[in-house]
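Data block below; observations after.
The values are calculated or read from the model by the stated rules, or taken from the named source; none is laboratory data. All values derive from a computational prediction rather than experimental measurement. Cβ: placed from backbone, ideal geometry, glycine included. Neighbour counts: every protein chain shown.
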Amino acid sequence: MDWRIIVTLSILTLLSLLFLHSAGYDASSGRTLPFASKQLVWILLSAGALLLLLRVPYRTLLEHAYLLYWAGIALLLIVRVAGTELNNARRWIDLKFMLLQPSEFMKVILIIALARYIRWRDDYKKLSGLVRPFALTLLPVALILSQPDLGTSLLFVPILFALLFVAGAKAKHLLLVVLMGLLVAPVLFFGFLKEYQQKRILVFIGQETLSASMKENEGYHLNRSRIAVGSGGLTGKGYSQGDQRVPENETDFIFTVIAEEWGLMGALFTIFLYVALLVFLLLNAVTCREPSGKLIIVGVTTLIFVQTAVNIAMTVGLAPITGLTLPFLSYGGSSLLSLTLAIGLVLNVRLYPDFVFKRDF
């Protein structure tokens with residue numbers, strides 16, 4: 001067991017409880033919304049799920065990777081047809097005791113499916129051989145974009161690029177794909193993004209020239225977030241003393257609570273924890289000798305890195321607001337459970353080293 005990962009993850013979840021309690025506190029009424037207590041339940045459930053995952057060798061998951069993939073696609077289709085709609089988005093399946101967000105779990109499933117696909121093939125070293133892995137990736141991306149959920153959909157392609165690069169795909173082919181993507185970007189922007197998503201990107205581009213009216217409308221979240229982060233100064237205002245309430249500060253903008261109450265020092269400490277977690281994950285990738293296991297670890301590391309970087313960047317105006325949660329800190333059951341299972345995959349690879357499963361396709 002890699003206790004470095006376990007300890008770092010435990011500290012992050014403790015910080016989550018601490019700042020979710022603060023985010024839920026209303027000074028005017030003296031009441032506290034139960035974000036922390038509900039999240040504690042999900043932390044315990046996620047810990048139990050991680051322990052169960054460690055009992056199943058990851059070779060078993062790889063052998064059933066395509067079944068898991070199509071089960072994930074089926075859940076995304078169910079969301080499309082009969083999902084629960086909140087805030088003009090249809091992303092959840094109401095299970096009565098929880099709202100399940102399949103797109104969160106699809107991120108982890110895709111890592112397993114791509115690791116299986118790439119493990120026994122070498123056609124991805126040719127430009128034509130990139131078609132299938134890109135098809136595997138873009139199918140869930142299209143379904144998630146239709147919900148609409150731009151933030152989550154943006155995580156899939158970096159995972160694919162990281163796995164292909166580590167597996168040995170040619171850099172010039174990957175660069176050519178990036179250039180092709182840039183060429184079709186205007187079509188995607190005007191043809192697939194909702195109006196509010198387009199406005200978020202335009203506000204990000206012109207954030208320094210926003211009028212007072214736009215700051216209170218289209219740029220409200222970005223403006224309030226930057227004010228909250230900057231108002232914390234070096235050491236912050238003190239725990240639960242923040243007064244710059246940012247909408248969704250328990251989910252997408254939990255980093256603003258940390259920066260306002262603990263200041264720059266608290267923000268840097270939080271970033272340090274994520275850097276430490278990523279380093280520990282990469283060290284496992286370096287020491288792993290089994291190709292599919294290495295790919296799984298690289299995929300999980302990429303997922304956590306990109307999601308963390310985008311979330312923190314959007315709170316300080318360095319990236320458009322996309323609705324991504326901050327891993328292990330933001331409030332949300334599906335997000336916490338899926339990312340904990342992703343960490344469980346890394347620990348699983350470490351626990352069951354050096355195997356070869358039969359190529360049967």
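Could you grab me the full set of residues in the range 120-152 that are touching a residue at least 24 places away in the same chain (Cβ under 8 Å) and of a type in the set (Gly, Ala, Ser)? Result: SER146, GLY151. The selection criterion, being modelled with pLDDT of 90 or more, surrounded by fewer than 16 Cβ atoms within 10 Å (Cβ to Cβ) and not aromatic (Phe, Trp, Tyr), does not hold for LEU76.
I'm trying to understand the selection: among the residues of the range 18-31, which are surrounded by fewer than 16 Cβ atoms within 10 Å (Cβ to Cβ) and of a type outside the set (D, E, K, R)? Answer for the range 18-31, where residues must be surrounded by fewer than 16 Cβ atoms within 10 Å (Cβ to Cβ) and of a type outside the set (D, E, K, R): ALA27, SER28, SER29, GLY30. Here LEU193 meets each of (1) surrounded by 15 or more Cβ atoms within 10 Å (Cβ to Cβ); (2) under 21 Å from the mean Cα position of the chain (by Cα); (3) assigned to a helix (DSSP H, G or I) with one exception, condition (3). Checked against (1) part of a loop (DSSP other than H, G, I, E, B); (2) under 17 Å from the mean Cα position of the chain (by Cα); (3) among the β-branched types (Val, Ile, Thr), ILE271 passes all but a single condition, namely (1).
Could you say whether any residue in the range 286-301 is within 30 Å of ARG121 (Cα to Cα), at pLDDT 95 or above and surrounded by fewer than 22 Cβ atoms within 10 Å (Cβ to Cβ)? There is no residue in the range 286-301 that is within 30 Å of ARG121 (Cα to Cα), at pLDDT 95 or above and surrounded by fewer than 22 Cβ atoms within 10 Å (Cβ to Cβ).
Contact annotation: residue pairs with Cβ atoms under 8 Å, 6 or more positions apart or on different chains, pairing a residue in the range 274-293 that is under 25 Å from THR60 (Cβ atoms) and touching a residue at least 40 places away in the same chain (Cβ under 8 Å) with a partner that is aliphatic (A, V, I, L, M) and exposed (fewer than 14 other Cβ atoms within 10 Å of the Cβ), are GLU290/VAL356.
Scanning the range 6-63 for residues that are in contact (Cβ under 8 Å) with a residue 60 or more places away in the chain and on the phi > 0 side of the Ramachandran plot returns no hits. Number of residues in the range 205-228 that are at pLDDT 75 or above and touching a Leu at 6+ places or on another chain (Cβ under 9 Å): the value is 2.
Tell me yes or no: at least one residue of the range 134-153 is modelled with pLDDT of 90 or more, more than 26 Å from THR84 (Cα to Cα) and outside any loop (DSSP other than H, G, I, E, B). Yes, that holds for at least one residue.
Could you tell me which of the residues MET265, MET314 is surrounded by fewer than 22 Cβ atoms within 10 Å (Cβ to Cβ) and either under 28 Å from PHE156 (Cα atoms) or out of contact with any His (no Cβ under 7 Å at 6 or more places or on another chain) (or both)?
MET265
Whether any residue in the range 241-250 is assigned to a helix (DSSP H, G or I) and within 23 Å of ILE11 (Cβ to Cβ) is what I want to check. The answer is no; no qualifying residue exists.
Among the residues of the range 232-259, those that are of a type in the set (Ser, Thr, Tyr) and either under 14 Å from PHE19 (Cβ atoms) or within 27 Å of the chain's Cα centre (by Cα) (or both) comprise TYR239, SER240, THR251, THR256.
Checking the structure you have, find out if any residue of the range 171-188 is among the charged types (D, E, K, R), in contact (Cβ under 8 Å) with a residue 12 or more places away in the chain and at negative phi.
Scanning the range 171-188 turns up no residue that is among the charged types (D, E, K, R), in contact (Cβ under 8 Å) with a residue 12 or more places away in the chain and at negative phi.
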